[in-house]
Structure formats: structure tokens, C-alpha cells
């Protein structure tokens, strides 16, 4: 007989075995998705447009023959087979289009993630509010627009809501509907418009489970006193980001310190926090990350000594991130920071500590420090020789700190270990030393090196440099172009050094966004291998000694936005392949030996140009009308060439010069790392325009402040087109040293922004327009060497110029040329037929010849009477020669007078 207990055990074993078999069968059946859901997904697919990512079609797996649970981005329950998740957030799956309501047929959907896709600015569908089982809804960075439908408040099961990154058009309005989502643990509304959400603080305080809140850059309104009274102090917030909202201290501190008991990370950077750092920050016992950068915080007198504020922060043992960058902190850096032994990130950049000295004592306890940022803080770092820091840094940012004159040897300890230093920025740090050998041998692992604006000398020899960003500009480095081994190299800036030789090594680089080799001693040909640098956005080879023709492979650089080849010895015509670089905004080919006509395709294909300089070359022919298509152009410099014909009237199509627009103040190139569609700006490069301003060449890093046209030193003819008067935003105009004729346009005073006007050394005639006196900003004027006449218009501006501005115009009078016009003889009038001018010239030569004949005859007679025979013979010959000279001169003058008389008669007859 089997015991009862044993029978129960056997039954349990049998039950579990049957259950396992049933579950296994169910799992097998679940491999086939529900038919109605499969049809719903296919219908949803039709509303989308798949985008290719790295050659991969995002929706290629969504075909009816395949099981929908195996499709990319679709996740089914392993037991039931129902679709529970749609995730389009990873890199290989990118879609655009609209959202079909067929998703309502997915009755078991708990997670919907459309992050980092493109829905063409469409509204968030209201039917999302009917997906009642959703726990996660992520529409961040997906190009939706607002308003956000209040129906989302029906998602009572929702735990994660991410709507951030959809731009200012994403107007959220009131947030009352959020308060219904009592299970929310994470909310991200960053980069949206919450300017009308006066209830935001009340709503947040009524979400008892909320742990993460991101309201960065939302135009948050200030918190009212009534909101403060309703605030819930038992909030579970651990992560809070209110950065970039311009919130004042009075609006945020009372609410913040009421909800801060559990905060681990707090970001209040880029607001309007003023005054001393509150001691209440020291009460945040759980805080580990504190970001207070870009505010107006100061150190009180007692805080400078470390007795309060900062000292309270220094007592928090678990602090890992402290960011006080770009405030108004001054005085001395308190050594109380040294108490933060668990600190990983310390950022005091952008303050003014008045040359305060940082020594080993400040860092003695920083055994966990990984990121140190003291840039632009007026600090001096002074360590004893041989000092070994207790930390191992991954990022060092000491720009504009005083480290020199010797190269800091403590950096060697940060570079000799693995994994070691990744980011090194010691630009403008007063180093005037040779690069130590150990630095060249310890570059492994470094991603970013910026040692610009020092006086560091030496070479990199031929050792390959494995970095991604390298900036050695404005130093004294010499030798050949270094080798580069990194497959991910993005930026090289070696400008303003003494590097020499060929640049053929650039052919070994494959992925590069910026290359600046300007202001060096490089020479020879530029290799025609540039198509390998297919990702370049900026190429600067200016001010070297390159020769030969421009490489045709420039045309393969289709992403190129900036190209500067200024100041070399390039020759030949522009390769037509450059017209493929349709994204060019900045093109400087000045100071070379280029020839041919100005290509029409510049105006047709390079329509985005903001800066164009072909100055000081050998270009000839006319200015093509197509150039007028450059509506974004801010600086046009075609000076010092051989360009002829007239100025095209269509120049009024230069829209940036004709209309008051919000112009880009600079052309910048942002180089960044990207990981899962999250971009981190790491480096910025600004194009500098070199332009002749008020007689000297000057650098302009901020385009938009200068709108200029320089066509000087050419062979232009004809009159100034009246259409020029339409360029009302023009700041500088130089048409000097041409063969322009006619009158200065009467409406030139319409160019109200004009500061520089040079029309000198042409053939302009007539009066100076009175409207010129209306140019109140005019600071440089040159009308010299023309045929202008009449009185100089009276104005405070014109009379302040030096007389040389009006010199060599015979008919001009009045201040500053002369006290008044009555004291100046009128200019000689043009002669009529047989005019007085020619007659005067004839009589002058006649009387001169007559006087000379009398003298010659008199002395000849005396010679015959008083001198020897041989002398008489010599003087007779002299007399004959003199007589012949007088006769020939008379005949020539007479013939000249006859020709001019006939010409004047013919001219008058035609005019009649």
C-alpha cells in the first residue's frame, strides 16, 4: 500500500510535468503571432516610410510571409504570442511618416518607443490615450508637434513618459492631465514649450512615485506662492533637471529645498540664480551630482574663507559631481573641496579667481577624481617638481590657466597608465618649452588634444598619432606633417606653426571632418587624393607655398562648407568639379595666380555662399550675371584682378545686403561624438574672413557684422548701376582704381549703414550727391582722382574728412578743400571749335620759337663777325639745326590744331 504522502508527491510531479508540456506547447504556438495583430502591423507599416541606415532598410523584415514576432522592433509575449512592445529607437531601425490608428488593435501593447525617428511635424495622435495598458510611451526627438493631447491623461498604467526634444513648436500648455498619471516614475518634457504651464510645480508634487524629472529648456514660468503651499515634501524625486529655464533664485529655492530630501542628481545650470550659494545645499544628504554652472552665483566673504556655503557642500561625503562653472565666483578656491574624497567631476571653469594659486594641498584627498575642468578661471597651477597626483584623470581641461613656462611634468603620470587620459586641453596656458619626448611616446588612448596658443616647439617626428581631435595651432612646432593612424580621426588643426614639406600624408587619412594646415611653410603640389576625405566640412590650406593647379578631386568633397586656399601660388583655371560642393558657405581663393573668367557656376551651383573672395588673382572677363544668384552673400571681394566690362545691374538680388535680416554671425563647424542618436558637442571651429577694411587687412570671425563689396583695382567701365542703391544694409563699398564714368548715383545716401566708401581713381564727373551727407555712420571716404566738380555738400560728417579725400578733382570747392567756393576759380570749360585752350598752346610754342630764333640769329651774327673760320662753320650748322627744329615744331602743332578743330566740329554736328 502506497502511503498517502507518497501519492501526493507523485501527483505533484505528474502535475508539474503536464504543466511543463502544456507550457512548452503554448510557447511553440506563440511563435506564430496573432493574425489580427499581424494585419494591424502591416497596416501600420503602410503609413510609414522606411529610411536607410548604413545601407539597411529599416522595415525590410516586415513582410507578410514572416511571423510578426520576428520582425525588427516587434516584441511578443513568449507565452501568449501577443505583441507587447514596439521599439523603433535603436539605430538600425529608422522610420518617417505618420502613425496609423491600426495600433489600437494591439490590445496588449505595454511599451511604445518611437524615439529618434521622424514623423514630419505631425500631431501626437489622440488615440494614444486609448492604449490603456501602456507603461512606457517614448516620443522623444521624433519630430512631433503640439499641443499634447490631454487624452494621454487616461493612461493610468503609465510609468515612463518621454516627450522631450521635439522643439519649441511642441506646446504643452497646462499639465493638469499629468496629475492623473499617479504611477509615473519618469517624466521627460525637455526642450518643449511650458511657458503657459503655471501649474507645473503643483502637478509634479502630486506624483508620489516620481523619481526622474527632466524639464530642461522649457521656458518654465516662476513658481507662485500658492504653489509652494501645495508642494508635497514627501516626493521621491532622485533626479531633477531644471536647467536652461532662466528661473530666478526666489522662484526655485523655496520649492526645491522642500522636495530635495532624496535628490541624488540636481541640475540648475543656466538659470538666473543670484547671490551666495545657499547653505541649504549642505542638507541634501543623498546628493551626489550638483550642477550650478552658468548662473550668477557669488561667494560671500565668509565663503571665501571656507566657513560656510562651499564648506557645507564639502561636508557631503558622497559627492561625485560638483559643477560651479561660469558663475561670478572670485577670491580664493577653498581647500574645503579637498574633503570631497569621492568626487569624480570638479568643474570651476569660467569664474575669476584673480590669479589664485592651486597647489598639491587642494588635491590631496581627490583619489577618485576623473574629470578636472578649471578652464578660463584665472587660476595658477603650481606643483612641486616630481609631484605624483593621487588621482588618475580621464579629462583635463585647463584652458587659459597658468601652467608654464615649463611643460607640466605631472601630466606624464596621467598618460603612462592604461586606461589613461582621454581628453587634454591646455591651450593658452603660458607654456614656452619644447615638447618632451615622453609626451610623444604616451599618446595611446588620447582622443582629444588641444595645446593651441602656447609657444611649444619641437616635432612629432614620424610617429603615428592615434587621436581623434588634434589642435596644435599657434605654436612653434616644426618638421614634416605628422602621421595619423586613427581610423576615427575627425579634426586636425596645425595652423600658425612652422611645419614644412609636402602634405602627401593626408592621403592616408580616411575619416576627417576638419583639416586646417594654414599659415605654415608647406610647399609643393596638393595631392589629387582628396576624394578619400569624403566627410570633410572645412578645408583650410591658406598662407603656405603650394603651387600648381587646384586638384580636381576637390569636387568629391560634397559635404564641404568652408574652403580657404588663400595666399599660395596656385595657378590655372578653377576646376569645374568644385561646383559639386553645393554646401559651400565660405570660399576664399585670394592671393594666388589663378586665371580664366569668373565661372558662371559659382552663382548657379554654390548658392549658399556667404563669403566669396577671388582677390588678387588674374581673373579676366566680365562679372557674370549668374553671380547675382548668391542671395545669402555677405562679403564679395573680386578686387585686384583684370575683370572688365560693367557692373551687372542685378546686384540688387544680393538679398542679405538689401534686406534687414537676422544673419548668421559666424560660420561654425560643430564636431561631435554620437552614440544612440545622443549628440555631445566636443569641438567648434569658426571660419575667419580676411578682408581689407579701411586700408588694412583684418580678420573677421563674425560674419554678418560686415556686409561688403570690393571690386577695386580692375578694368571695370560704365556707370554705377542705380540698382546699387537697393543694398541698404551694405557697410563697405570699394570701387576704386577702375575706369568707371558718369555721375555718382544721387540716391547713394539710401545706403544708410555705409561706413566705408571708396570711389577714388576713376572718371566720375558731376557734383557730389547731397544725399551723401545723410550717411551718419560714414567713417572712411575717398573720392580723390576723379573729375568731380561743384560744392562739397555741407554736413558734420563730410567736413570732418581730410582734404585728401577730395583731392585731384579740379572742380571741387568748399570745406574741407577750401574755405568757400567764391575764393576758387571756376574750372576751365571745354573748348569750342578753335577753342582758347588749343590757341593758347599754339601761341605759347610760337613765342617760344620766336624768342629762340632771335637768340640764335643774334649769336650767329656775332660769331661770323668776331670768331674764327672753324667756329663760324660750326655755328652755321647749329643755326640750321635750330631753324629745322623750330619749323618742325610749328608744323606739328598746326596739324594737331587742325585735327582737333575738325573733331569738335563733327561732334557738334552730330549732337545737333
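Two numbers describe the Cα atoms of the stretch 181-224: Rg and Dmax, which are 10.4, 26 Å. Calculated FRET efficiency, residue 378 to residue 342, Cβ-Cβ distance, R0 = 25 Å: about 0.35 to the nearest 0.05. Sorting 35, 67, 755 by the number of Cβ atoms found within 10 Å of their own Cβ, with the fewest placed first, yields 35, 67, 755.
Note on 619, 281: ascending count of other Cβ atoms within 10 Å places them as 281, 619, the fewest first. Residue 597 label point, 7 Å along Cα→Cβ, cut-off 15 Å on backbone N: hits in the stretch 612-639? Hits in the stretch 612-639 for residue 597 at 15 Å: 619-628. Sorted fewest first by neighbouring Cβ atoms within 10 angstrom, 756, 298 come out as 298, 756. For the stretch 417-555, the Kirkwood radius over C-alpha pairs fed into Stokes-Einstein at 20 °C and 1.002 mPa s yields D = 140 µm² per second.
Computed from the coordinates by the stated procedures, all read-outs in this text should not be read as laboratory data. The structure presented is a predicted model; accordingly, all values stated were derived computationally and were not measured. Here Cβ is always computed from backbone atoms with ideal geometry, including for glycine, and neighbour counts include all displayed protein chains.
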